[in-house]
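The values are calculated or read from the model by the stated rules, or taken from the named source; none is laboratory data. On a predicted model such as this, the values are computed, not experimentally measured, just so you know. Neighbour counts run over all protein chains shown; Cβ positions are idealised from the backbone, glycine included.
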Amino acid sequence: MKLSELGLLATLVASAWAQTPTTKEVEAAYPEAHALYLDIHQHPELSAHETQTAAKLAGRLRALGYDVTEHVGGTGIVAILKNGVGPTVLLRTELDALPVEEKTGLPYASKVHAEDDAGHDVPVMHACGHDLHMASIIGTATIMAHSKERWHGTLFLIGQPAEETISGAKAMLDDGLFRRFPKPDVAVALHVSNEFPAGKVGVGSGYRYANADSFRLTIYGKGGHGSAPHTTVDPIVIAARTILSLQTITSREVKPGETAVITVGYIHAGTKNNIIPDQAELGLTVRTYKPEVRKQVFAAIERIAKAESAAAGASREPSIEHYESTDAVYNDPPLAQRLRPALEATLGKENVTIAEPITGSEDFSYFTAQGVPTFFFGLGGAEPKKYAEAKAAGTTLPSNHSSLFAPDLDPALHAGIASEVTVLRNLLQGSAEQLRKITGQ
């Protein structure tokens, strides 16, 4: 072997050593991360109300030597650890839980109830895995703080509120996230699910999560007695025809192979069986990837809604309120290509799989919209034996947002910490200019 080849090999070996966390490092950080998981799982808080959750993270990060700022965009926290000259890399965790009653039967199951924004008493559960994300980031933050000789640059951790209402990332940005703090060269996040067995991670390039858009469609008719429909314009019948016609957008208008989902999640109309109401309200969620398909679907929804009302003789056009949205999460392809081998070196090649695009949504996309290249990867949460049994039987395990969702804690948390440390150490090498060149900035 030539001397130059030996030098390159030595550089690669040294780089891999710098990036891969040792078993000793992970095990040393694990007890605190595990304890935090149990605490937060038992004491969940709803979106934009994560005061105690944020305080727990802030206190631990401050104790590790991070410069912590609280109340960013509401209950959000920012923790900065500077370690010489180099790139700035953001790692995000979410803080919020869901209004779901936990039915896992776990000894540490949530029994919390809280008042939601509408004043209703609701059960609260970490049914989406944000508790595991927070535990992972604390384990990761601990290892990074104790191994500064193996990376350089600025580590930028954020605890983001209100992901479940897709409002928290925007709130933090509106509060000056990238004006008050260094704008990152790259942003990273993970998400646990039963998509993979615990101990594995999923890496995807390009689209990972979909555009998500919420619509409130109000159809106006003319009410009257249920025994005399000829004297009315029935908004329920118009609503029924509208719902069926909307499904032809994806089946007959969107090009086959392109992704589009239109779901009518609710219909509110009427008070009594023999009264035809004056109006009916539909709630829609729309999922797409490409901007041009998104635009096409919006136009088709408006056209169909107006046409069905006109065909029924309604004297007033329906109102269409587009009240909530977030863009697709897009993984920077060069980043995915760079980080996959690093994760394989840490977890084993057999434990790094391809993450297919899904039509769920994530407001992590708000960071991409600020011109920050992103890498969003999947963390397996399924108990491996149950995962194999379900796959063999052609069934599915409880999904995120299910009252039965519960990650296989120990292997998932170990993998979460190890993979986050690997990704951060990989990115926090070299110069900021080199990292920006890789991502085409």
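Against the conditions (1) within 30 Å of residue 429 (Cα to Cα); (2) in the same structural domain as residue 239 (by TED's automatic domain parsing); (3) among the basic types (Lys, Arg), where does residue 338 fall short? Just the number, please.
(2)
Pairs needed: first member in region 212-232, in a helix (DSSP H, G or I); second member anywhere, surrounded by 16 or more Cβ atoms within 10 Å (Cβ to Cβ); C-beta distance under 7 Å; at least 6 residues apart or different chains.
229/276; 231/224
Here is a yes/no grid of residues against (1) buried (at least 20 other Cβ atoms within 10 Å of the Cβ); (2) over 22 Å from the mean Cα position of the chain (by Cα); (3) not assigned by TED's automatic domain parsing to the domain that holds residue 430:
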residue	(1), (2), (3)
66	yes, yes, no
72	yes, no, no
75	yes, no, no
83	no, yes, no
91	yes, no, no
100	yes, no, no
121	no, yes, no
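Looking only at region 336-356, filter to residues that are polar (S, T, N, Q) and in a helix (DSSP H, G or I); which one of those is nearest to residue 381 (Cα to Cα)?
351
Look at residue 254 and say whether it is of a type outside the set (Phe, Trp, Tyr) and more than 22 Å from residue 218 (Cβ to Cβ).
Yes, satisfied.
So residue 39 fits all but one of (1) acidic (Asp, Glu); (2) assigned to a loop (DSSP other than H, G, I, E, B); (3) in contact with a helix residue (DSSP H, G or I) (Cβ under 9 Å, 6 or more places away or on another chain); what number is the exception?
So residue 39 meets the others, but not (2).
Exactly one condition in (1) under 27 Å from residue 185 (Cβ atoms); (2) of a type in the set (Ser, Thr, Tyr); (3) not in a helix (DSSP H, G or I) is false for residue 359; which is it?
The one condition residue 359 does not meet is (1).
When both residues are 6+ apart or on different chains and their Cβ atoms are under 7 Å apart, which pairs have a first residue that lies in region 382-406 and is assigned by TED's automatic domain parsing to the domain that holds residue 196, and a second that is in a loop (DSSP other than H, G, I, E, B) and among the aromatic types (Phe, Trp, Tyr)?
Note: pairs meeting the criteria are 398/405; 399/405.
Restricting region 270-327 to residues that are in a loop (DSSP other than H, G, I, E, B) and within 30 Å of residue 170 (Cβ to Cβ), which is farthest from the chain's Cα centre (by Cα)?
Here the answer is 318.
Considering only residues of region 255-266 that are out of contact with any Gly (no Cβ under 8 Å at 6 or more places or on another chain) and surrounded by fewer than 18 Cβ atoms within 10 Å (Cβ to Cβ), which is nearest to residue 358 (Cα to Cα)?
Checked region 255-266; the qualifying residue nearest to residue 358 (Cα to Cα) is 261.
Are any residues in region 148-196 closer than 30 Å to residue 389 by Cα and among the hydrophobic types (A, V, I, L, M, F, W, C), and if so, which ones?
189, 190, 192, 196
Can you tell me which of (1) within 14 Å of residue 210 (Cα to Cα); (2) touching a Lys or Arg at 6+ places or on another chain (Cβ under 7 Å); (3) assigned by TED's automatic domain parsing to the domain that holds residue 236 is the one residue 289 doesn't meet?
Unmet for residue 289, out of (1) within 14 Å of residue 210 (Cα to Cα); (2) touching a Lys or Arg at 6+ places or on another chain (Cβ under 7 Å); (3) assigned by TED's automatic domain parsing to the domain that holds residue 236: (2).
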